[in-house]
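Below is one structure; the comments refer to it alone.
The values are calculated or read from the model by the stated rules, or taken from the named source; none is laboratory data. Keep in mind that what you see is a predicted model, and the values were worked out from it rather than measured. Positions of Cβ are generated from backbone atoms using ideal geometry, with glycine treated the same way; all protein chains shown enter the neighbour counts.
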Amino acid sequence: MATFDLVIRGGKVYSAAEGTFSEKQICISEGKIASIERPSGRPTASRTLDAEGMLVLPGLIDSHVHFRDPGLTHKEDFETGTKGAAAGGVSLVFDMPTTVPVVTNASLFREKLETIGGKAVVDFALFGAAAISNLEEIHKLARAGAVAFKTYTVSPPKERLKEYEGSFITNSGELLQVMERVSKTGLVHCIHAEDDSTIGCLTDRMKFEGRKDPLAHYDSRPNFTEAQAVFDAITLSGATGARVHIVHVSTAEAATLLRQAKLGKSSQVSAETCPHYLYFTKEILQRKGPYAKYNPPARNQEDMQALIAAINDGSIDVVVTDHAPHSKEEKEKGAEDIFRAPPGTPGVETRLPLLLTMSYKGLIPLESIPRISSESVARIFNLYPRKGALSVGSDADLAIVDYGKIWQIKAEKLQTKAWETVLFDGMEVRGRVRQTIVRGNIVYEDEVGFGKMGTGELIRGEAKP
Ligand SMILES: [Zn+2]
């Protein structure tokens with residue numbers, strides 16, 4: 001009889017085909033799932049995990065994190081970032097290209113890989129930046145292993161140019177050219193969709209009026225500024241055939257545009273939202289000031305309801321985090337003038353319990369959580385079924401979760417260096433990650449600790465030659 005490396009017994013295992021959880025036994029060999037069956041007998045294994053009473057999900061994938069390494073490691077680094085991921089049930093992260101230097105060509109891609117590779121506790125993929133200035137580098141970046149491309153349609157503040165140089169475009173003509181180039185690689189083009197010129201105008205107006213209060217952030221980036229840029233990106237996707245993914249959708253207007261776009265049979269558009277848009281309205285800006293500043297801003301109750309409806313009808317495909325940590329000192333710069341605070345909030349470690357809590361409240365079916373947090377992410381980025389699936393032959397990436405456990409998020413217990421800025425601090429949630437497994441390696445065990453740094457490997461994109 002075969003001896004397996006790891007056997008997981010007694011858990012309720014998610015099946016994508018059945019769309020439900022049922023008791024099964026998972027046998028793992030050489031990093032892959034060797035079998036998933038109704039429990040029968042006791043297979044011999046080097047290690048057996050008893051998952052009695054637990055849910056077993058495909059390891060979560062977070063296709064939107066900023067781990068700040070290299071260049072900004074006072075905010076986060078690849079060790080703390082991937083440890084947070086592991087503790088959150090996440091087995092694969094996609095790191096954004098806005099490190100220092102920005103990942104705008106193949107040699108910078110390889111340099112970044114060299115810097116971070118040995119620190120990763122979970123698997124990782126890396127974005128390339130795409131803008132007019134690196135048009136000729138886009139295909140080379142794809143061949144070097146980039147998983148997808150990222151473009152901002154809004155310009156950064158001057159003092160943060162070195163984090164964004166070569167990743168933003170502020171007019172449609174340039175976006176058209178870059179999208180054409182990205183689509184030739186066969187990879188997905190992720191768009192941060194906020195309209196530069198209207199936001200610029202409104203920000204100038206706020207400053208002229210002397211507005212520095214937290215809500216000035218919201219008022220300088222109203223709903224329509226997201227809708228403008230989402231409409232532009234969807235339209236250009238239709239024109240070029242580019243596979244466009246809209247990141248962090250925050251408004252009812254954008255959700256409606258996506259629903260409409262997806263009616264088209266040849267639509268190549270997908271979209272994500274994040275927990276901070278599902279839990280907070282703009283009122284959080286008044287309560288938490290600069291700590292609640294992120295782009296796009298927190299919205300209104302109607303937007304929150306529209307986003308949940310869009311998740312449930314498929315207009316929004318996935319919920320990821322836009323984990324974007326900044327130090328307390330950096331956030332405090334916005335205490336007197338909101339425009340001086342950097343935007344972004346940590347989230348990689350808290351997504352799963354927040355989604356499970358939403359399911360417990362009846363907002364999202366429990367059965368859809370594996371799809372919106374893992375399976376659909378893998379499908380969008382062409383990694384399915386190697387990643388995002390509990391099926392024979394897939395990488396043995398799993399999250400084992402105690403759904404019955406109610407606990408309180410304590411920021412100081414989280415792995416992120418920016419724990420002092422965590423907005424979900426103190427919140428009571430449901431569902432605690434017990435183990436996270438990456439290719440058969442237990443990389444996190446609750447109350448025990450983490451696997452070795454360097455266990456995580458680069459997952460390359462599936463580019464056209
Ligand atoms: Zn981001």
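Details
Conditions (1) more than 16 Å from the ligand (Cβ to nearest atom); (2) basic (K, R); (3) buried (at least 24 other Cβ atoms within 10 Å of the Cβ); (4) not in a helix (DSSP H, G or I), marked per residue:
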residue	(1), (2), (3), (4)
R47	yes, yes, no, yes
L57	yes, no, yes, yes
T73	yes, no, no, yes
L92	yes, no, yes, yes
P97	no, no, yes, yes
V102	no, no, yes, yes
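- Among the residues of segment 315-357, those that are under 30 Å from D402 (Cα atoms), more than 16 Å from the ligand (Cβ to nearest atom) and part of a helix (DSSP H, G or I) comprise L352, P353, L354, L355, L356, T357.
- For segment 222-230, the criterion of a residue being under 19 Å from N295 (Cβ atoms), touching a helix residue (DSSP H, G or I) at 6+ places or on another chain (Cβ under 7 Å) and of a type in the set (G, A, S) is satisfied by at least one position.
- Residue satisfying all of: in segment 357-389; among the aliphatic types (A, V, I, L, M) and farther than 15 Å from D62 by Cα; surrounded by the most Cβ atoms within 10 Å (Cβ to Cβ) among these: M358
- The single condition among (1) free of Cβ contacts under 8 Å to residues at least 40 places away in the same chain; (2) in contact with a Leu (Cβ under 8 Å, 6 or more places away or on another chain) that E37 does not meet is (2).
- Any hit, segment 242-260, residues being surrounded by fewer than 21 Cβ atoms within 10 Å (Cβ to Cβ) and either modelled with pLDDT under 95 or over 28 Å from D62 (Cβ atoms) (or both): no
- Put simply, of T115, T80 the only residue that is in a helix (DSSP H, G or I), of a type in the set (S, T, N, Q) and surrounded by fewer than 19 Cβ atoms within 10 Å (Cβ to Cβ) is T115.
- No other residue among R160, R110 is among the basic types (K, R), under 30 Å from G200 (Cβ atoms) and surrounded by fewer than 18 Cβ atoms within 10 Å (Cβ to Cβ) apart from R160.
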